[in-house]
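Structure first, commentary second.
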Amino acid sequence: MRQSGHQKKQNSCCVGGIAVLMVLALIHGWDVLDGVTESGHSWELSRYAAVAAGSIGVSVLAAVSLCYKKIRLDRCFLPLILCFGALYLYVLPPLSAPDETRHYISAYQLSNQILGVSVDDPEGRVPVRVEDWFAEDIDGDYVTETLGDGTLAVVEDGADGAAVLGQTLTEDTYVRIHEYMQNPVGNEEKDGLALSIHAPVVTTPVVYLAPALGITAARLLGLHTIWLLVLARLGNLLLYAVVTSLAIRRIPFGKEILFGVAMLPMSVHLAASCSYDTALLCGIWYFTAVCVDLAYAKERVGWIDVIKLAAVMALAGPCKMVYAVFMGLCLLIPVRKFGGRTRWLASAAVVFGAWAAAMVLVNARTVTAYATDTGNYIDWAGEAGYTFMELLHRPVDTFRLFFNTVIWQAETWHLTMLGAYLGNVDLVLDVPYIVLLALTAGLLLLAFRKPGESIRPSLPGKAWIWCLCLICAGALMLSMLLAWTPVSSRVICGVQGRYFLPFLPVFLITLKNDTIVLTKNPDRSILYLMCCVNAYVAVRIYSIVCMRL
């Protein structure tokens with residue numbers, strides 16, 4: 001049977017993507033070889049071979065599921081994200097993601113509650129197994145003392161603080177993990193507890209349930225620290241895979257867009273970490289999918305739909321309250337689908353009430369402090385920061401700060417949203433600009449209209465979504481202005497591109513128009529090529545770390 005022209009092009013695309021990936025893997029193999037020659041750690045070559053083989057293997061899986069078998073997108077996503085997540089977990093080891101140490105300790109704290117482990121510490125420090133101190137102090141800088149109950153506590157952690165595993169990702173990180181896996185330390189002290197010096201994040205514990213279950217399983221099985229960290233990350237990865245797959249299945253259109261955003265390097269890196277951003281991302285995407293489905297596909301709104309929306313808002317609200325803005329997506333749903341205004345008001349009260357209750361329970365003190373505080377001190381800068389009342393009384397200066405930030409930081413936001421600097425926003429762990437351009441082009445092509453495709457939402461719906469995105473972006477900037485920006489700064493500090501990922505899919509959905517209409521539907525080929533790009537990022541990052549002696 002002869003192949004059509006489209007099939008031949010698709011076959012060429014699949015073969016070409018894998019061939020280019022193989023060539024690039026060989027090129028970066030020389031970089032790894034140079035690093036091994038300098039360090040003498042020959043085992044890194046076999047690890048790199050595993051990374052390269054895994055990258056090629058997952059690209060083949062993407063080709064088969066997306067292009068040849070054309071399996072439904074939500075069913076494609078589940079195995080692909082698990083494979084990519086495992087690959088990123090291998091390349092970017094535990095505690096290397098942004099703020100991951102505090103998220104890990106927060107998950108550990110919940111694991112303690114699950115297991116009934118508690119320590120009476122007036123400072124509220126989280127007890128961990130003594131052997132797990134290895135992750136927080138890889139150089140052994142801690143000076144400790146034994147408390148009355150036999151728990152160890154840090155008296156001194158070194159002049160510059162103790163070095164945390166993976167926080168600065170270098171070749172030495174791979175060496176320490178390799179040596180630890182060969183000969184785990186501290187096994188003779190498994191029954192002892194120690195107090196971590198890292199403070200947990202004050203938020204709803206639900207967002208740490210998945211990694212906490214991984215930590216709990218590792219403790220019950222008596223696994224050592226590295227496996228404990230791996231299981232914590234795998235718990236988050238499984239949550240991300242399942243919930244995002246459900247979101248792709250639920251959303252009536254824009255499935256390819258959501259798939260593409262969820263497969264970005266930054267998205268995968270966060271998914272395979274202990275960060276609460278994992279639960280936040282997939283939760284907001286699922287909320288978006290339900291709202292879009294109810295607004296444009298489903299005929300009636302059921303109470304189970306309302307409960308789902310309320311549950312997500314109760315989860316997301318205490319984490320980053322700015323995303324509560326996207327409760328406004330519910331206003332896209334016509335009142336008639338609720339069965340009348342009374343049921344609409346009752347549904348709105350349930351969703352808003354769930355968010356408000358979660359905020360009061362978790363963040364009431366924080367919100368009150370921001371609103372009424374007459375002084376603000378930014379610890380990292382060692383100087384005063386802004387207060388909410390001060391910003392209200394200086395509207396011109398406040399506007400100038402926002403304007404300067406957008407003008408000077410927009411490029412950085414774009415790059416870091418896609419995954420320009422992985423690890424703990426490490427400028428060395430960079431992704432080439434041409435790769436980021438390819439990912440950007442891929443997302444835009446996924447967003448543009450295809451033959452026979454209707455435009456949804458309409459212009460008023462698009463305008464409302466743009467308004468919500470703008471308000472959320474402004475709220476993100478305001479929160480970092482209050483929490484992270486010293487008065488001497490001319491821009492708002494601390495805003496990162498990954499903060500825009502939750503509303504990127506719904507924004508891209510609004511880009512469909514009658515002016516730019518593609519003559520064919522290349523969505524699956526684009527998604528496959530984006531998967532190849534993602535696989536290349538893993539290969540490149542591993543080679544960079546091997547040379548970072």
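The values are calculated or read from the model by the stated rules, or taken from the named source; none is laboratory data. All values derive from a computational prediction rather than experimental measurement. So basically every Cβ, Gly included, is an ideal-geometry build from the backbone, and we count neighbours across all protein chains shown. Each accessible area value is taken on the protein alone, full model and side chains, heavy atoms only, with ligands, DNA and RNA left out. Shrake-Rupley method; radii C 1.70, N 1.55, O 1.52, S 1.80 Å.
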Query - Criterion violated by residue 543 - all others in (1) at pLDDT 95 or above; (2) of a type outside the set (Val, Ile, Thr); (3) within 21 Å of the chain's Cα centre (by Cα) satisfied - result: (3)
Requested in this report: Please work out which one of (1) under 25 Å from residue 41 (Cα atoms); (2) in contact (Cβ under 8 Å) with a residue 24 or more places away in the chain; (3) not in a helix (DSSP H, G or I) is the condition residue 140 fails and give its number.
Outcome: (2)
Query raised in the report: For residue 440, which of the numbered conditions (1) at pLDDT below 95; (2) among the β-branched types (Val, Ile, Thr); (3) over 19 Å from residue 483 (Cβ atoms) fails to hold?
Result: (1)
Report task. For the range 446-479, enumerate the residues that are surrounded by fewer than 18 Cβ atoms within 10 Å (Cβ to Cβ), part of a helix (DSSP H, G or I) and of a type in the set (A, V, I, L, M). Result -> 459, 463, 470, 471, 475
**Report entry** Within the range 243-300, helices (runs of 4 or more DSSP H) holding 2 or more residues that are farther than 21 Å from residue 538 by Cβ and either free of Cβ contacts under 8 Å to residues at least 40 places away in the same chain or open to solvent by less than 10 Å² (accessible area, probe 1.4 Å) (or both)
**Finding:** 255-262, 277-296
Query raised in the report: Any residue at all in the range 148-168 that is in contact with a Lys or Arg (Cβ under 8 Å, 6 or more places away or on another chain), closer than 30 Å to residue 421 by Cβ and at pLDDT 90 or above?
Result: yes
Query - Residues of the range 277-336 satisfying the condition of being within 18 Å of residue 255 (Cβ to Cβ) and among the charged types (D, E, K, R) - result: 293, 298
Report task. With the condition kept exactly as written, say whether any residue in the range 75-95 is over 19 Å from the mean Cα position of the chain (by Cα) and among the aliphatic types (A, V, I, L, M). Result -> no
Requested in this report: Please identify the pairs in which a residue from the range 340-364 that is closer than 16 Å to residue 323 by Cα has its Cβ atom under 7 Å from the Cβ atom of a residue that is of a type in the set (Ser, Thr, Tyr), counting only partners at least 6 apart or on another chain.
Outcome: 358/204; 362/203; 362/204
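What are the residues in the range 386-426 that are over 18 Å from the mean Cα position of the chain (by Cα) and outside any helix (DSSP H, G or I), if any?
386, 387, 394
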**Report entry** Residue among 141, 120 that alone is open to solvent by 70 Å² or more (accessible area, probe 1.4 Å), touching an Asp or Glu at 6+ places or on another chain (Cβ under 9 Å) and modelled with pLDDT under 85
**Finding:** 120
Requested in this report: Please work out if residue 125 is in contact with a His (Cβ under 9 Å, 6 or more places away or on another chain), more than 22 Å from residue 213 (Cβ to Cβ) and not aromatic (Phe, Trp, Tyr).
Outcome: yes
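Which is of a type in the set (Asp, Glu), closer than 30 Å to residue 129 by Cβ and surrounded by fewer than 19 Cβ atoms within 10 Å (Cβ to Cβ), of 34, 74, 99?
Exactly one of 34, 74, 99 is of a type in the set (Asp, Glu), closer than 30 Å to residue 129 by Cβ and surrounded by fewer than 19 Cβ atoms within 10 Å (Cβ to Cβ), namely 99.
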Query raised in the report: Could you say whether any residue in the range 41-49 is under 19 Å from residue 431 (Cβ atoms) and modelled with pLDDT of 95 or more?
Result: yes
**Report entry** Residue selected from the range 197-242 under the condition in a loop (DSSP other than H, G, I, E, B) and hydrophobic (A, V, I, L, M, F, W, C), by the criterion farthest from residue 110 (Cα to Cα)
**Finding:** 223
Query raised in the report: Can you spot a residue in the range 518-535 that is at pLDDT 95 or above, open to solvent by 10 Å² or more (accessible area, probe 1.4 Å) and touching a Cys at 6+ places or on another chain (Cβ under 6 Å)?
Result: no
Query - Test set (1) within 24 Å of residue 223 (Cβ to Cβ); (2) in contact with a helix residue (DSSP H, G or I) (Cβ under 9 Å, 6 or more places away or on another chain) - residue 139 fails condition number - result: (2)
